[in-house]
Amino acid sequence: MIIDQVGVVGGGLMGTGIARVCALAGADVVICEADAARAESARARTESSLRRAVAAGKIADADCAGALSRLRFTASLEDLADRELVVEAIVEDERAKADLFAALDKVVSAPTAVLASNTSSISITKIAAATTRPERVVGLHFFNPVPALRLVELIPTLHTAAETADRIERFAAEDLGKLVIRSQDRAGFVVNALLTPYLLSAVRMLEAGFASAEDIDRGMVEGCAHPIGPLSLADFVGLDILLAASTSMYEEFRDPGFAPPPLLLRMVESGFLGEKTGRGFFSYSR
Ligand SMILES: NC(=O)c1ccc[n+]([C@@H]2O[C@H](COP(=O)([O-])OP(=O)(O)OC[C@H]3O[C@@H](n4cnc5c(N)ncnc54)[C@H](O)[C@@H]3O)[C@@H](O)[C@H]2O)c1
């Protein structure tokens, strides 16, 4: 393998998915959570997701057993000392990520070790500035659900060494079997910078009374063969997440296409966050 000693910090939705694909690829993976109880919960969720994949016929029993034997869960950052790559997937908060990268910089000691962030919207350059090794820091942005979606965005900064970016690209492509695209370090990278104005346009269309939510979604599903309409997709992503992403892109580009429309603000203020709260542009039984 290009890299077979991986660390993942944050064992939530994305961190457990990233750990799962790395372990299935054959890497030895240590997942670090904020405390012992959360580490235990991350272990339980990762194990049950692997067992569900076996039950669904997506992976073989032996591969599941092999992956489980290569996964370790901890609440101690020191357990990441020998990692060649650490992927951060903690809460989307600039201060928290900067503090974590400063701590990782002290702990992760291999001379070629790389620190990567799975952030969706925070500047990789700012995160890298918390370390003494910005030449070995990149963005590595996976998509949810990680085992199902092939795409990974690789984000080198102006500081990132070419050999670091090339090595992480080969790891994602050759070891993990992902499809890698590169983006400059810009809010939203490629995919969210294109997707967000589209979702916001659908919200504006609904807000203006242009068409019903059902017809807006039907239009794009049946007329453009999209697998899901924009308002259903916004509900799936989470309206709070869409608001946070559009706000950070608006702050970066000052392009009105990224400005969150009032209807989105009112829905988030009302606690209507989409599928996860049972109500967004559509209703969901929970
Ligand atoms: N959810 C998505 O669809 C998605 C997609 C791509 C990227 N991302 C990005 O991935 C990151 C994680 O998102 P998520 O949806 O998995 O969040 P999540 O809330 O499911 O998981 C975050 C985890 O990080 C843990 N954590 C927080 N601080 C920690 C610390 N200091 N040390 C160790 N663990 C810590 C929390 O206990 C939690 O389990 C965010 O930066 C997010 O923007 C999310």
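What the phi angles of segment 174-187 give under the Karplus curve with 6.51, -1.76 and 1.60, with θ = phi - 60°, is a coupling list of 7, 7, 8, x, 8, 9, 9, 10, 9, 9, 5, 7, 10, 3 Hz, glycine and proline written as x. Ordering Phe236, Gly209, Pro256 by Cα displacement along the dipole of segment 206-286 toward the positive end leaves Phe236 in first place; charges were set at the Cβ atoms of Lys, Arg (+1) and Asp, Glu (-1). Between Val30 and Val6, Gly7, Val8, Arg72, the built amide H atoms are under 5 Å apart, and every one of these is 5 or more places off in sequence or on another chain. Sequence-ordered 3J(HN,Hα) estimates for segment 121-132 from the Karplus curve with 6.51, -1.76 and 1.60 and θ = phi - 60° stand at 9, 8, 4, 5, 4, 5, 5, 5, 5, 7, 10, 9 Hz, glycine and proline given as x. Label separation (Ser283 vs Ala55): 3.0 nm, computed from points 7 Å beyond Cα along the C-beta direction.
Around the Cα centre of segment 5-182, unit charges on the Cβ atoms of Lys, Arg, Asp and Glu (plus for the first two, minus for the last two) sum to a dipole of about 380 debye.
Tell me the relative contact order for segment 5-182 as a rounded percent, counting alpha carbon contacts under 8 Å between residues six or more apart. All intermediate terms of the calculation are to be shown ahead of the outcome.
Working: 340 pairs, mean separation 36.9, N = 178.
Reported as a whole number, the value is 21 percent.
Working value for the chain: equivalent-ellipsoid semi-axes of 33, 23, 17 Å, each the square root of 5 times a Cα gyration tensor eigenvalue, largest first. Inter-label distance, Ala44 to Asp63: 2.7 nm, where each label sits 7 Å from its Cα along the C-beta direction. The residue among Ala75, Gly26, Pro147 whose Cα reaches farthest toward the positive pole of the charge dipole of segment 5-182, with charges on the beta-carbon of Lys, Arg, Asp and Glu, is Pro147. Summary value for segment 153-234: 23 percent relative contact order, contacts being C-alpha pairs under 8 angstrom separated by 6+ residues. Each of the peptides 52-65, 247-260, 135-148, 7-20 was scored by the mean count of other Cβ atoms within 10 Å over its residues; in descending order, highest first, they stand as 7-20, 135-148, 247-260, 52-65. Per-residue ellipticity at 222 nm from helix content only, as computed over the chain with -39500 (n - 2.57) for each DSSP H run of at least four residues, stands at -14000 deg cm²/dmol.
Once the Cβ-Cβ distance of Thr247 and Asp166 is raised to the sixth power relative to R0 = 22 Å, the FRET efficiency obtained is 0.10. Got a sec? Which residues in segment 128-148 would a label at Leu13 touch, if it sits 7 Å along Cα→Cβ and we count backbone N under 15 Å? Those under the cut-off are 142-148.
Couplings for segment 78-91, taken from phi via the Karplus curve 6.51 cos²θ - 1.76 cosθ + 1.60 with θ = phi - 60°, read 4, 5, 9, 3, 9, 6, 8, 9, 10, 9, 8, 9, 8, 3 Hz in order; Gly and Pro are left as x. Close amide H partners of Ser117, meaning residues 5 or more places away or on another chain with modelled amide H under 5 Å apart, are Glu88, Val138, Gly139, Leu140.
Rg then Dmax, both in Å and based on the Cα atoms of segment 153-286: 17.4, 52.
Rule-based calculations on the coordinates, nothing more; no lab input. What you see is a predicted model, and the numbers here were worked out from it, not measured in a lab. Please note: Cβ atoms are built from the backbone with ideal geometry, for glycine as well, and neighbour counts cover all protein chains shown.
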